[in-house]
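Okay, structure first, notes after.
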Amino acid sequence: MTDVRIGKSQVYASTLGLGANAVGGHNLYPDLSEEVGKEVIRTALNNGITLLDTAYSYGNGRSEELIGEVLQEAAFDRSRVILATKAAHDSQQPGKFNNSPKFLQQAVEHALQRLQTDYIDIFYIHFPDEMTPKNEAVAALQQLKEAGKIRAIGVSNFSLEQLKEANQDGYVDIVEDRFSLIHREHENDLFPYLKENKISFVPYYPLDSGLLTGKYDKETQFAPSDLRSKNPDFKGARFKAIITKVNQLEPIARDYDATIAQLVLAWYLKHPQIDVVIPGAKRPDQVAANAKAVDLQLTVEDFGKIDQLFK
Ligand SMILES: NC(=O)c1ccc[n+]([C@@H]2O[C@H](COP(=O)([O-])OP(=O)(O)OC[C@H]3O[C@@H](n4cnc5c(N)ncnc54)[C@H](OP(=O)(O)O)[C@@H]3O)[C@@H](O)[C@H]2O)c1
């Protein structure tokens, strides 16, 4: 798998990573098996994926702990893995975000313990808080970088204005935000700034929680306990319109002997403003299938066709 440089840092990550919010993320998906979650991680690493994207908020640290346990196994070499984690959820003030320098310093220390490592490759401020000047929060991360505790600085869920404030000193290496074929607003706001400032971009929800895999039809219903039942993309006319478009990907995918999910992931991999894609997975077979997207060489013509279909 090809590696990509993260911003101006010395971190080089596989262009296809693993989104690990379904590994130990019991608060998001209550029925998860931790053993399956660990197997998801092993499958990613065994298929050439080096970047693992986790966060404190995925199971209140449990996702990080399970990743840390897998990395202790003899089969894996910590130095070949790129660990990305995030923090901002303040367990002392439930429902509030905290970006204060003190909070971020402690969050990094606690994440290091859960991950059983002495450095984090990419550390993101998961969400902006209401009180900390963004450049002061990032300056605290820069100090942690200089101390060797983290290797690259990221922010997530920041507006363009918040990002500009955060990057006043040029310290931000990577931005993680919602973006997919059906959520493309950032092409107009964030992307020009990221390009100008050599900041990497990683989209989250690249498969729109499974909707862009082609496995649903217009009649599919989701149980009230399933997060998707509350997602507007999975409701009414919008859901049906998206399904119609996704179905049009089928013949293109067939030409490549690929699945729709692989085709969609290959589209991101070819997008000039996207550096890394982190599809999530609840099963090892999904990870193994998604990893094969890196072998799909999408033509410029097909990239354009998919681009127009979802414009
Ligand atoms: N920074 C942030 O605030 C933020 C927010 C959200 C997510 N993230 C990160 O982004 C990552 C990706 O987001 P996500 O995992 O929520 O959504 P996603 O990547 O859009 O969708 C992942 C889901 O799609 C289904 N799936 C995956 N591969 C498949 C395949 N080959 N065939 C069929 N179904 C497949 C699985 O769910 P089912 O099996 O249930 O269908 C899987 O859990 C997360 O894991 C997390 O690391 C970050």
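The values are calculated or read from the model by the stated rules, or taken from the named source; none is laboratory data. Here the structure is a predicted model, which means the values were calculated and not measured. Note: ideal-geometry Cβ built from the backbone for every residue, glycine included; neighbour counts use all protein chains shown.
What the table below lists for this structure:
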{"read-out": "Pairs, first over 16 Å from Ala84 (Cα atoms) in the stretch 17-34, second more than 12 Å from the ligand (Cβ to nearest atom) and aromatic (Phe, Trp, Tyr), C-beta under 9 Å, six or more apart", "value": "none"}
{"read-out": "Residue match in the stretch 82-95 (condition: crowded, with 20+ Cβ neighbours inside 10 Å and closer than 22 Å to Asp285 by Cβ)", "value": "no"}
{"read-out": "Flag for Val246 being closer than 16 Å to Arg184 by Cβ and within 15 Å of the ligand (Cβ to nearest atom)", "value": "yes"}
{"read-out": "Lone unmet requirement of (1) part of a loop (DSSP other than H, G, I, E, B); (2) in contact with a Phe, Trp or Tyr (Cβ under 8 Å, 6 or more places away or on another chain) for Asp217", "value": "(2)"}
{"read-out": "Members of the stretch 3-48 that are farther than 18 Å from Tyr204 by Cβ, modelled with pLDDT under 95, in contact with a Lys or Arg (Cβ under 9 Å, 6 or more places away or on another chain) and away from the ligand (no atom under 12 Å from the Cβ)", "value": "His26"}
{"read-out": "All positions within the stretch 1-34 that are crowded, with 16+ Cβ neighbours inside 10 Å and in contact with a Phe, Trp or Tyr (Cβ under 6 Å, 6 or more places away or on another chain)", "value": "Asn21, Ala22, Gly25"}
{"read-out": "Residue in the stretch 195-240 that is farthest from the ligand (Cβ to nearest atom), counting only those that are aliphatic (A, V, I, L, M) and in contact with an Asp or Glu (Cβ under 9 Å, 6 or more places away or on another chain)", "value": "Ile199"}
{"read-out": "Pick from the stretch 49-65, criterion among the charged types (D, E, K, R) and crowded, with 24+ Cβ neighbours inside 10 Å, ranking: nearest to the ligand (Cβ to nearest atom)", "value": "Asp53"}
